[in-house]
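The values are calculated or read from the model by the stated rules, or taken from the named source; none is laboratory data. Note that the coordinates shown come from a computational prediction; the quantities given were computed from them, not determined experimentally. Glycine also receives a Cβ, built like all others from the backbone with ideal geometry; neighbour counts cover every protein chain displayed.
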Amino acid sequence: MIDTREFPEKTFLRDLDALEWLREELDLKKLHEKRHAQFYFGEYLTQGYLDIEGKCVEMTMQQLIDRGLFTVICPALNKSNNNWADWAIPVCELRVGIMENHIVDQKQIRSAIFVAKDYVGDRFLVPFALMLLGLRSRQSDNSAIANVFQSLFTDEELNFRKVKYDQSSGRMKELRRFQELMEAVEKQNDENPLAETTRLMGGLGLSTNGLPIKKRLFGWRRNTRNNGFYNTIPCVGIREDEWFAWTRAKLRSFSKTEEWMKEGYEKYSRHNQPFIIPSFRKGKVLILPPAQLKAIYNKRENELQAHDPASEALSFEWTIRDQEVYPSNYTVDVIRKWITKRFDEFAAELQEELCLAVDEQFGMSQEWREVRLWPAVQRIFTRGLNRVLVGFPLCRDAVFLETMRRFAIDMPFQGLFITLVPKILKPILAPLISWNSRRDTKAGIKYCAPIIQEYLDNNRDPLQEKPVNILQWIIEASAATGDPAQLDPYRIGHRMMILNFNLVQGGSIPFSTVLSDICNGEHAASAFSQLRDEATSVLASTKTWDRTTISKLVLADSGIRESMRWSDFGLFALPRRVNSPGITLDNGIHVPPGVHIEVPMHSIHMDEDSYADAGSFKPFRFADGASASRSAVTLDESFLGFGYGKNACPGRFFGSHVMKVVLAYLVMNYDVEFGDEEPPMKTMWEYRIPRESTAIRIRRRLGH
């Protein structure tokens, strides 16, 4: 035994490193040969809490010796005649036991689950428990054990795609058993387990008494995890007196979500009480009241996950071709560290391309023409943003730009529809549903491949002048990881496509509603005129619209913020998942790990307590002196257009600037026919999206 208490905190040493160091001993050499694997769970010398998701320091045997392993930490080992072979004997004896046949019983399954939960937490609980069971040679049917796991865990917990392990060590019996169990669980994950569980567990001598069996109703599984918690929280949309109440409520959520959110907000959110809303796609969603936002949404990622729920909501597992790209989110650093901080270096190029794109989409004719708003705005943002994403000549290549636009718009919608597909059918249907986005990913990367390779070659020369664009910064961020695999041109192309999606989608949807909201309704003529006067006053005498200059467009900024309030993108939004050991609200309610939480975005934005006459669109609400002055990028508990807390949108400053540039150029150079107030945005599940049919009549101003 080695006393690790004096090791530096959160460090670990793989046992294989120790065996490499000590392999002159015959028994240790044999043990090394038996245990050789690239990755193997459990065989580490660790100090402190080993956070699988976090940052730990991996140390070599030499580093530990230099730190005093044999002199300070474990002096008993510092003997010239130390018998290293004694270390191997217990492990070799354990391997003899592994070779024997045993019967897995209920007690062992429970023990494996409890041990796994204590040591690795929820995310790796299932695979770790299966590994422990793999240590016992079984005479029983793998499907029996798999069905027990089916009955105890959710679809999400049984998804092993993110668990990586070395599959090359087939000579290790316990690893083979683990693989067989994994395959059995995956195979049965979407079959009705109830009758089979009872039959197979009976054949094993197991009882279902005391096990929280999940029942599947008409092919849909009812998740019973955290039921003790859910039973204490009020739920909207459930009719307790009907058969299959939860399943039917989930089906009704397609059309009733908006109604249920209004009910829940008035009954519970106003009284600082969370409530549950059924969602066909997400199951049980805990809606937090606004009073809890500041305390809860400022928690760290290891307490409250944001990245994984967002990826799952858009099915990145299926819509992103490179499976190593979507689990990592260091491209967020490209926005935060490069785009935001070095913005003025490309502000002039961005302005030029955005203005040219407006001219292209709205035309130079002084005759009135009707333009469908959303597709036009998509193309404006795609062209303008790709000027600073990949630069010339691609930013003016019509085929490339259309590929990038289609990917940015189609990928998230295809991902949403994949979430409706039963898990057992996803391997068949998901590739078909996401075919367009996967095709466009391949085409977009093919277009960029020569430029990416050229950039990579130039980066090897420290004297070579580097371009000022986002693609270059993606390469720099990839190089900063220290992982050569991240500099693969194909992978860099993938990250470029994802940033294109973030920037184009994140800007075109809100801006299309900004134009629609400003140009329609009783306020339209006056608002448009005031925006034109402001833009002319601020911008007419300057050629470069840098960040400082654009920040003076106070009315435009207010109009954007008000539109993002009035035409927000979700009935509920900002998905998070609670991590172990859970979180406690300030009203004393403890939310356990695994609970999916969101916030009532639209109800908050329509709350009369936060906004006077909240049901009306007032473009200059935040600049008229009557309301508290807030810029479009200011975050608070009553405005969630750019998110909130530690995971708020890092590109909000960039996005707000782009919207103000396009709006200012448009009002100075175009006339618009004003119409009646547009109908509310189209609601799809919990999302609110622009109507594709929305159009404006527009013409070029005389002399402009």
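Determine which member of the set 520, 500 is in contact with a strand residue (DSSP E or B) (Cβ under 9 Å, 6 or more places away or on another chain), in contact (Cβ under 8 Å) with a residue 24 or more places away in the chain and either under 30 Å from residue 614 (Cβ atoms) or crowded, with 20+ Cβ neighbours inside 10 Å (or both). Write out each step before concluding.
Numbers: 500 fails: in contact with a strand residue (DSSP E or B) (Cβ under 9 Å, 6 or more places away or on another chain).
520 is the lone residue from the list that is in contact with a strand residue (DSSP E or B) (Cβ under 9 Å, 6 or more places away or on another chain), in contact (Cβ under 8 Å) with a residue 24 or more places away in the chain and either under 30 Å from residue 614 (Cβ atoms) or crowded, with 20+ Cβ neighbours inside 10 Å (or both).
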Worksheet entry | Residue count for the range 392-409, restricted to those that are at pLDDT below 90 and either basic (Lys, Arg) or within 23 Å of residue 569 (Cβ to Cβ) (or both) | 1
Fill in: Scan of the range 625-667 for residues that are at pLDDT below 90, of a type in the set (Gly, Ala, Ser) and either farther than 21 Å from residue 546 by Cβ or assigned to a helix (DSSP H, G or I) (or both), ordered by number
625, 626, 627, 628, 629, 645, 648
Worksheet entry | Index of the failed condition, residue 408 passing every other in (1) aliphatic (A, V, I, L, M); (2) more than 24 Å from residue 657 (Cα to Cα); (3) under 23 Å from the mean Cα position of the chain (by Cα) | (2)
Item to complete: Answer with yes or no whether residue 336 is closer than 17 Å to residue 503 by Cα and surrounded by fewer than 16 Cβ atoms within 10 Å (Cβ to Cβ).
Response: yes
Item to complete: Report yes if some residue within the range 566-580 is over 23 Å from residue 686 (Cβ atoms) and in contact with a helix residue (DSSP H, G or I) (Cβ under 9 Å, 6 or more places away or on another chain); otherwise report no.
Response: yes
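Within the range 434-477, can you find the residues that are without any contact (Cβ under 8 Å) to a residue 60 or more places away in the chain and aliphatic (A, V, I, L, M)? Break it down into steps so the answer makes sense when it comes.
The first filter runs over the range 434-477 and keeps only residues without any contact (Cβ under 8 Å) to a residue 60 or more places away in the chain, leaving 435-436, 439-440, 443-450, 452-466, 472, 475.
If the condition is that a residue be without any contact (Cβ under 8 Å) to a residue 60 or more places away in the chain and aliphatic (A, V, I, L, M), then 443, 445, 449, 452, 456, 463, 475 are the ones that fit.
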Worksheet item: If you check 588, 559, which single one turns out to be of a type outside the set (S, T, N, Q) and under 19 Å from residue 530 (Cβ atoms)?
Response: 559
Discussion item. Tell me which strands (runs of 3 or more DSSP E) are completely within the range 269-374 and hold 3 or more residues being in contact (Cβ under 8 Å) with a residue 40 or more places away in the chain and not assigned by TED's automatic domain parsing to the domain that holds residue 387, or say none if there are none.
Written reply: 275-279, 283-287
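Identify, please: which residue in the range 228-244 is surrounded by 15 or more Cβ atoms within 10 Å (Cβ to Cβ) and of a type outside the set (Val, Ile, Thr) and is, among those, modelled with the highest pLDDT?
Step one: list which residues in the range 228-244 are surrounded by 15 or more Cβ atoms within 10 Å (Cβ to Cβ), which gives 229-230, 233, 235-238.
Now drop any that are not of a type outside the set (Val, Ile, Thr), which leaves 229-230, 235, 237.
Values: 229: 86, 230: 86, 235: 94, 237: 91.
So the residue we want is 235.
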Worksheet entry | Residue list for the range 222-279, restricted to those being β-branched (Val, Ile, Thr) and in contact with a Lys or Arg (Cβ under 6 Å, 6 or more places away or on another chain) | 224, 276
Worksheet item: What is the number of the single condition among (1) in a strand (DSSP E or B); (2) over 34 Å from the mean Cα position of the chain (by Cα) that residue 688 does not meet?
Response: (2)
